[in-house]
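The values are calculated or read from the model by the stated rules, or taken from the named source; none is laboratory data. What you see is a predicted model; the values in this text were computed from it and never measured. Backbone-built Cβ (ideal geometry, glycine too); neighbour counts: all protein chains shown. Note: accessible area is taken over every heavy atom of the protein model, side chains too, but ligands, DNA and RNA are not part of it. Shrake-Rupley method; radii C 1.70, N 1.55, O 1.52, S 1.80 Å.
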Amino acid sequence: MDLPRTVSIIGTGSYVPEKVLTNHDLEKIVETTDEWIHSRTGMRERHIAAPGQASSDLGTEAAKAALADAGIEAGELDLLIVATLSPDMFFPSTACFVQEKIGAKNAYCYDLGAACSGFLFALDAAKNQIASGAVKTALVIGTEKMSTFIDWEDRGTCILFGDGAGAAVLQAGGEGRGIMKSVMGSDGSLADLLWTPGGGSRNPISHEMIDQRQQYLKMRGREVFKHAVVRMTEAVVQALEKNDVGVDEIKCFIPHQANIRIIDAIAKRLGIADRIYTNVEKYANTSSAALAIALDEAVKDGTIQKGDLVALTVFGGGFTWGANVLEWNR
Ligand code: ACO
């Protein structure tokens, strides 16, 4: 077999739960205003999962939509990766729960933990496994029920996040370059700027830990903001260089949907404001699902057309970050 070979996205799908929580609704939960939230984040509303709905349930809906879009059966999948920071439970993997729900009996399944960068990392992992010839068809899902892991008493974080899922089916073959080479990085020295410190083996569940609300996401927003802008901008530049693509050749840039001001700052630095895709106003930050949902919507609403070059970039806790370029070939 000749390597490397083209790996393509042959279908995408996404799902957000029915319940909408607006900024005005948040005014009744914490001391905030629609004006404060919208001016600092670009967000107007987010979707919140029902109490009985877990991340695998959201991911399953996105997966079914992506499989239908690709025109393949779940039984044809060889690999299923779920990127999430809000798994159904510590183990088994959320990917195994999705496998069972969609009937992907022939796939091996695992979760990938890279916080908000997870979908791009998972896309890269699946692409490389297909390019090596190890598997033929893969399903990559980013799914989050962030509403369970945020502190609804902390106005600095609870306004920022939403629930949802997105998915992509990957297969060997296709015209052009398909999914190109990624640039990815991590810096564990900055982990405490954005983390959930309680509930794991470092700081296990105890009455004291819960009284201190350590089971919820903690963030130093200003520091995260600065690093996110620098890392995503650098990653895009490096990914373009690595794939020998000029910034002017890119038809659509899809950044992690964390905050419109982060997105605007990246757009300004790269000179791409006219080509940047955002839906943060509708969904807020859905962590590892955000890129996947935005990609699906950009394809479905016609922003991305066959033959277009698309740049993706992500940033998340860890810190983790990355970028990639796709030649859309369907
Ligand atoms: N409503 C009203 N006032 C608020 C709210 C709120 N929801 N939240 C904070 N404030 C107040 C603060 O208490 C502070 O008041 P003070 O001056 O009296 O102390 C004031 O607003 C300013 O607070 P800052 O935190 O300094 O506000 P800032 O302008 O930095 O905006 C924000 C905060 C929106 C969180 C911003 O820092 C940000 O977007 N950071 C990046 C966050 C992010 O995107 N994280 C995720 C990225 S990676 C991932 O997706 C996991």
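One table, with the values for the structure above:
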| quantity | calculated |
| --- | --- |
| Odd one out for residue 279, checked against (1) free of Cβ contacts under 8 Å to residues at least 60 places away in the same chain; (2) of a type outside the set (A, V, I, L, M); (3) in contact with a Phe, Trp or Tyr (Cβ under 8 Å, 6 or more places away or on another chain); (4) closer than 28 Å to residue 218 by Cβ | (3) |
| Verdict on residue 250 being farther than 28 Å from residue 21 by Cβ, open to solvent by less than 10 Å² (accessible area, probe 1.4 Å), in contact with a strand residue (DSSP E or B) (Cβ under 7 Å, 6 or more places away or on another chain) and without any contact (Cβ under 8 Å) to a residue 40 or more places away in the chain | no |
| Scope region 287-330; condition touching a Lys or Arg at 6+ places or on another chain (Cβ under 8 Å), buried (at least 19 other Cβ atoms within 10 Å of the Cβ) and over 17 Å from residue 7 (Cα atoms); matching residues | 304, 315, 319, 321 |
| Region 282-318, residues that are more than 14 Å from the ligand (Cβ to nearest atom) and either under 19 Å from residue 225 (Cα atoms) or not in a helix (DSSP H, G or I) (or both) | 301, 302, 303, 304, 305, 306, 307, 308, 309, 310, 311, 312 |
| Meets criteria (farther than 17 Å from residue 84 by Cα, crowded, with 24+ Cβ neighbours inside 10 Å and out of contact with any His (no Cβ under 8 Å at 6 or more places or on another chain)) for residue 178 | yes |
| Residues being surrounded by 15 or more Cβ atoms within 10 Å (Cβ to Cβ) and either more than 22 Å from the chain's Cα centre (by Cα) or modelled with pLDDT under 95 (or both) - total across region 3-26 | 3 |
| Looking only at region 260-281, and only at residues there that are within 11 Å of the ligand (Cβ to nearest atom) and more than 21 Å from residue 19 (Cα to Cα), the one that is surrounded by the fewest Cβ atoms within 10 Å (Cβ to Cβ) | 261 |
| Answer residue from region 197-235, given it is within 14 Å of the ligand (Cβ to nearest atom) and in contact with a Leu (Cβ under 9 Å, 6 or more places away or on another chain) and is most open to solvent (accessible area, probe 1.4 Å) among those | 220 |
| Residue count for region 140-166, restricted to those that are within 14 Å of the chain's Cα centre (by Cα) and more than 12 Å from the ligand (Cβ to nearest atom) | 8 |
| Lone unmet requirement of (1) open to solvent by 20 Å² or more (accessible area, probe 1.4 Å); (2) more than 16 Å from the ligand (Cβ to nearest atom); (3) touching a helix residue (DSSP H, G or I) at 6+ places or on another chain (Cβ under 8 Å); (4) under 21 Å from residue 65 (Cβ atoms) for residue 169 | (1) |
| Count of region 38-81 residues which are in contact with a Leu (Cβ under 7 Å, 6 or more places away or on another chain), farther than 21 Å from residue 279 by Cβ and among the β-branched types (Val, Ile, Thr) | 1 |
| Residue check, residue 30 open to solvent by less than 20 Å² (accessible area, probe 1.4 Å) and either more than 16 Å from the ligand (Cβ to nearest atom) or out of contact with any Leu (no Cβ under 8 Å at 6 or more places or on another chain) (or both) | yes |
